[in-house]
Each structure stands twice: as C-alpha cells, then as structure tokens.
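Everything on this sheet refers to the single structure shown next.
Readers should treat all values here as calculations from the given coordinates under stated rules, not as data from a laboratory. It should be emphasised that the depicted structure is a prediction, and the values quoted were computed from it without experimental measurement. Methodologically, a virtual Cβ is constructed for each residue, glycine included, from the backbone with ideal geometry; neighbour enumeration extends over all protein chains shown.
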Amino acid sequence: QKEVEQDPGPLSVPEGAIVSLNCTYSNSAFQYFMWYRQYSRKGPELLMYTYSSGNKEDGRFTAQVDKSSKYISLFIRDSQPSDSATYLCAMSAISGAGSYQLTFGKGTKLSVIP
Amino acid sequence: DAGVIQSPRHEVTEMGQEVTLRCKPISGHNSLFWYRQTMMRGLELLIYFNNNVPIDDSGMPEDRFSAKMPNASFSTLKIQPSEPRDSAVYFCASTRGQGNQPQHFGDGTRLSIL
C-alpha cells in the first residue's frame, strides 16, 4: 500500500458545482497536511495548509482533516473554469534524518466546464 | 517578490550527455528541495538541503545524479551520463525552517533525453 493514495481522476464538473477531492494515507506519523494546485506546465502552488484535525476555510476552498480515519479532503465551492488544474495533496512527517519531508499524492486532474 | 527560479525551462539532449539544472531559491529560505515528477510516479523527493548542507539524499536514484548547494542562493542538480529514463520534469522548492513549513516551487525544468 502506498503511503498516500489519491484518485487521479480525471474529474469533470460544470461551472458552479461543488468539488470534493480526497486523499487517504497510511502513515500515522504525518502531522502537516497541504493541498497544492498545479496548472499545466507550471510548478505546484500552495492552496491550503493545516495541522490539526478539523476544517479550515479560505474563500471558496475548505480543507478537512480526519486523523482518526487518515483521510483528508479539499472542497471547492462555486467552481470556476479557472479552477481547472491538477490538485495534489501532500503530507509531512519527520524523516529518519530528523527533518520534515513531504509525501505527495499523484494528483487529481480537475476540469470545470463553462 | 521573486519566487523560486529554475533554469533552463526546457532541455533536450542526447543520451550520455551531461545535464545541469539550476535553481535560485527564495531569498531568506534556508531549506531547498529537488523533486522529479513523472506520470507514473508523481512527485518524488530527490534531495534536501538545509543551510546549504545536504541532509537527506536517499531519493537520488543512482550515482549518475549529484547535487550541490555552494551558497544560500544557488543549487545545481547534475546528471552524468544522462539516460532516456531520466526524462521528467524536475522541480526545485524552498522554504524556511526544517521543512515542516509549506514549500514554494519553481516552474520546473522539462528534461528530455533522446
């Protein structure tokens, strides 16, 4: 089993829909949880960063972490064509070298159709 | 503010040639990461520097890969000799602290080895 599992999609929704993106993980040592958005031919850019279980909201985006179930989600409300991108979940834990390292999901490709 | 700057953006070369990828992290960031992204394996960490010192290079695939960080504002990733299976997008990222803070990515170098 991979450390981080993410449905690769692709996911296609109409403009205005609510989008739900999810990741599951197996390593209970993960402490920090992030969502990155990656447009075609660009680098990943940080969307959301959370530490504890619960919800965190930023505009149309809500990140949810459930450590007991080892499950994280990203919700996008009122989706826009500009939200069309690949969304990567990422998690970090202290490595054997004593530093934090990010482990990424493979990404879910989202298309929002006007 | 300038983000992480990578060069070149694209590199096409023949098998066996030496390839050098360059990265300038965000000023004030003391941690630097090199990643490789492929469709099959997603984003994989190759090596992590903290305060210019390599902390964890366990992700470097083999001895053909080497990385240096001679100062706080510059890092290189070198492949010698290059092979077709090295074709991928290589990203550099930087952050403050030990890596538990969100990482900021450059736009990557798209490498094709013929």
In vacuo Debye sum over C-alpha of chain B, base-10 log of normalised intensity I(q)/I(0) at q = 0.12 Å⁻¹, listed in q order, is -0.37
Given pairs A:42/B:24; A:67/B:68; A:42/B:68; A:42/A:67 and cut-off 27 Å on Cα-Cα distance, the over-length ones are A:67/B:68; A:42/A:67
Extension length gain for residue A:11 and residue A:111 (0.36 nm per residue less Cα distance), in nm, is 35.4 nm
With x for Gly and Pro, the residue-by-residue ³J(HN,Hα) of the stretch A:8-16, computed from phi through the Karplus equation 6.51 cos²θ - 1.76 cosθ + 1.60 at θ = phi - 60° and given in whole Hz, is x, x, x, 10, 10, 9, x, 3, x
Low-density loop chymotrypsin sites (Phe, Trp or Tyr not before Pro), the stretch A:1-33, at most 16 other Cβ within 10 Å, DSSP non-H/G/I/E/B, are none
For the pair residue A:31 and residue B:85, the simple spin-label estimate (label points 7 Å beyond Cα toward Cβ) gives in nm 3.6 nm
Long-range amide H partners of residue B:5, meaning residues 5 or more apart or on another chain whose placed amide H is closer than 5 Å, are B:24
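Per-residue Cβ counts within 10 Å, from other chains only, averaged over A:103-109: what number is that?
Numbers: counts 4, 6, 2, 7, 4, 0, 0.
Partner Cβ neighbours, averaged per residue: 3.
Per-residue counts of other Cβ atoms within 10 Å, averaged by peptide: what ranking do you get for B:21-33, B:5-17, highest first?
On the way: B:21-33: 19.5, B:5-17: 13.3.
Highest mean packing first, the order is B:21-33, B:5-17.
Taking R0 as 30 Å, what FRET efficiency do you get between residue B:20 and residue A:41 from their Cβ-Cβ distance, rounded to the nearest 0.05?
So the FRET efficiency works out to roughly 0.90.
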Karplus ³J(HN,Hα) for the stretch B:48-63 (6.51 cos²θ - 1.76 cosθ + 1.60, θ = phi - 60°; Hz, whole; x = Gly/Pro) runs 10, 10, 10, 6, 6, 9, x, 9, 8, 10, 5, x, 5, x, 6, 5
Loop-resident trypsin sites (Lys or Arg not before Pro) in the stretch B:36-69 with no more than 15 other Cβ atoms inside 10 Å, DSSP not H/G/I/E/B, are B:41, B:64
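Could you give the length gained on full extension between residue B:30 and residue B:64, defined as 0.36 nm per residue of separation minus the Cα-Cα distance, in nm?
Details: separation 34, 0.36 × 34 = 12.24 nm, distance 2.59 nm.
Stretched fully, the residue B:30-residue B:64 segment lengthens by 9.7 nm.
For B:42-50, what's the mean count of beta carbons from other chains sitting within 10 Å of each residue's beta carbon? Walk me through the numbers before you get to the answer.
Working: counts 10, 11, 2, 5, 0, 0, 6, 0, 3.
The mean count of partner-chain Cβ atoms within 10 Å per residue comes to 4.
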Rg from C-alpha atoms of chain A, normalised by the globular rule of thumb 2.2 N^0.38 Å, equals 1.05
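Provide the gained length on full extension for the span residue B:10 to residue B:39, in nm with one decimal, where the gain is 0.36 nm per separating residue minus the Cα-Cα distance. Spell out each step's value before the answer.
Numbers: separation 29, 0.36 × 29 = 10.44 nm, distance 1.74 nm.
Full extension of this stretch gives 8.7 nm more.
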Of the candidates A:21, B:8, B:87, the farthest towards the positive dipole end of the protein assembly as shown (Lys/Arg Cβ +1, Asp/Glu Cβ -1, centred on the Cα centre) is B:8
